[in-house]
Each structure stands twice: as C-alpha cells, then as structure tokens.
Amino acid sequence: MKLVLVHGWGFHSGVWDKLVPHLDSHEIHCIDLGFVRGGPRASNDMPTDSLCIGHSFGVMWLLKHGPRPIRGLVSIAGFDCLHKHVPANVLEAMREGMRTDPEAQMNSFAENGGFAGLQPEGELDKGGLRGGLDWIATWDEGEALKTLGAPVLALAARNDRVVRKEASEAIWGNGISELHWHEDADHILPLTAPEWCADHINKFADDLES
C-alpha cells in the first residue's frame with residue numbers, strides 16, 4: 001500500500017525516522033512542508049488511494065491539501081482544527097515570539113510541549129514557520145473530516161501538552177475514528193513511541209486491504 005506521511009509544525013520529515021522502519025513493506029512518500037531546512041530528502045508525490053498519515057498539524061494539512069480519494073487517514077497527535085481548543089492568547093504569543101525571536105520561541109514551544117531535546121536539527125525557515133502558525137490560527141477542516149469518505153485511525157497521548165486530552169477526545173472520540181490512547185508518551189509519538197504507532201498503523205493498513 002502507498003503511504004503518504006506529513007509532519008507537524010516546527011518539524012521536518014525526520015520526525016518519521018524511527019517509525020518508518022517498523023512499518024510493513026509499503027511504498028513510503030514523506031512530504032516536507034519546509035518549516036525546518038536540512039531534513040531527510042522528501043517526496044513531492046501524493047498518490048491517490050494512499051493511506052495518509054499525519055502528525056499534529058500534518059493531519060489538518062492532509063485534510064486540506066491531501067490526495068483524493070484516499071484509502072484511509074491516520075492521525076498521530078493530530079487535529080482538524082486547533083484554534084477552537086487553544087486560548088487565542090497562546091497562539092498570538094507564539095506568533096509574536098516568531099516575529100521577535102524565532103529560536104527562543106521554538107525552544108519555548110519544545111519546553112512547554114514536553115519534548116525538549118527532540119527538536120529537529122536544521123535551519124529554521126522563519127517565514128514558513130510564521131505562515132504555519134497563521135494556518136493553525138485560522139484553518140478549520142472539521143467539515144473535510146466529516147466528509148472524508150474513508151476510515152480514520154487516531155492515535156493520541158494522554159500526556160500530550162500540545163493537543164491535550166480534552167481536544168483529542170472532542171475531535172476523535174465521537175465515533176468518527178478508531179481512537180487509541182498511549183498512557184505514557186507525549187506529543188511526539190512518532191519519536192517516543194514508534195513501535196506502538198507502527199503496530200496500530202500496520203493493523204489498520206491490513207484491515208483496509210482485507
């Protein structure tokens with residue numbers, strides 16, 4: 001099966017490095033959104049009828065820009081809309097931080113999000129990061145999720161400090177998806193719980209092919 005993987009805000013496609021080796025023999029297409037330069041070489045191909053996998057913001061991006069039709073959607077600590085679940089002053093403070101001191105803002109994001117030390121290596125694309133925050137502050141792909149017409153698997157972490165438990169429950173826990181919780185990991189599930197993620201993705205892919 002073809003897999004299209006899209007990373008979240010503040011990362012590059014290297015976020016998948018620990019997960020991909022545990023996936024079964026699939027055709028992998030990692031899309032890079034340009035937030036951080038210097039990551040692994042990415043693909044620009046998004047074949048139709050793929051299983052699309054997003055981390056964090058990457059899920060909302062796939063709902064807006066991903067291939068159609070798709071075989072299924074996997075959300076890893078993701079969302080269809082974040083600004084409904086985060087106080088406006090939090091996003092505005094991040095946007096201001098990206099204008100005044102991007103490096104400090106990214107360090108603060110990692111520290112507050114509980115994943116300090118897991119930030120990607122590379123050069124920040126400050127314009128791309130600011131643009132991404134604007135998207136997060138304005139996009140709402142709830143209708144796209146409702147009309148996707150494909151099965152959805154959601155993987156969430158109870159200790160996630162970016163997409164908090166209440167937000168994940170509101171988005172994915174309403175029968176629109178098959179929702180699974182990790183009890184100990186954090187927002188960066190592809191790096192902190194890659195085998196757990198892969199086990200669920202492989203089973204989901206097998207079910208789609210059966």
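Shown for 63, 5, 179: other C-beta atoms within 10 Å of each C-beta, ranked fewest to most, produce the order 179, 63, 5. Helix 88-100: angle to the longest alpha-carbon principal axis of the chain, degrees 0 to 90, nearest 10? Approximately 60 degrees, to the nearest ten. Here 45, 32, 160 are placed in order of increasing Cβ neighbour count within 10 Å, fewest first, which gives 45, 32, 160.
Taking Cα atoms only, the orientation of helix 194-209 departs from the longest principal axis of the chain by about 40 degrees. When the charge dipole of the chain is built from unit charges on Cβ atoms (+1 for Lys and Arg, -1 for Asp and Glu) and taken about the Cα centre, the candidate among 65, 14, 185 whose Cα reaches farthest toward its positive end is 65.
Under 16 Å from a point 7 Å along the Cα-to-Cβ line of residue 195: which residues of the range 1-45 have their amide N that close? Under cut-off, by backbone N: 18-24. Compactness check for the range 2-209: Cα Rg over 2.2 N^0.38 Å is 0.94.
How fast does the range 133-191 diffuse by Stokes-Einstein, in µm²/s, taking the Kirkwood radius from C-alpha pairs at 37 °C and 0.692 mPa s? Present the calculation step by step, with values, prior to reporting the outcome.
On the way: Rh = 12.6 Å.
For the chosen part, D equals 261 µm²/s.
The calculated FRET efficiency for residue 85 paired with residue 210, based on their beta-carbon distance and R0 = 30 Å, is about 0.30. Note on residue 48 and residue 184: with the Förster distance fixed at 35 Å, the Cβ-Cβ geometry gives a FRET efficiency of about 0.45. Each residue, residue 24 and residue 126, gets one label point 7 Å from its Cα in the Cβ direction; the gap between the two is 4.7 nm. Between the listed residues 81, 208, 119, the Cα displaced farthest toward the positive end of the dipole of the chain, a dipole computed from Cβ unit charges relative to the Cα centre, is found at 81.
Report, in debye and to the nearest 20, how large the dipole of the chain comes out about its Cα centre when Lys and Arg carry +1 and Asp and Glu carry -1 on their Cβ. Mind dumping the intermediate values first?
Working: 18 positive and 31 negative charges, 86 e Å.
Dipole size: approximately 420 debye.
Readers should treat all values here as calculations from the given coordinates under stated rules, not as data from a laboratory. Remember, predicted model here, so these are calculated numbers, not experimental data. Glycine gets a Cβ as well: all are built from the backbone with ideal geometry, and neighbour counts include every protein chain shown.
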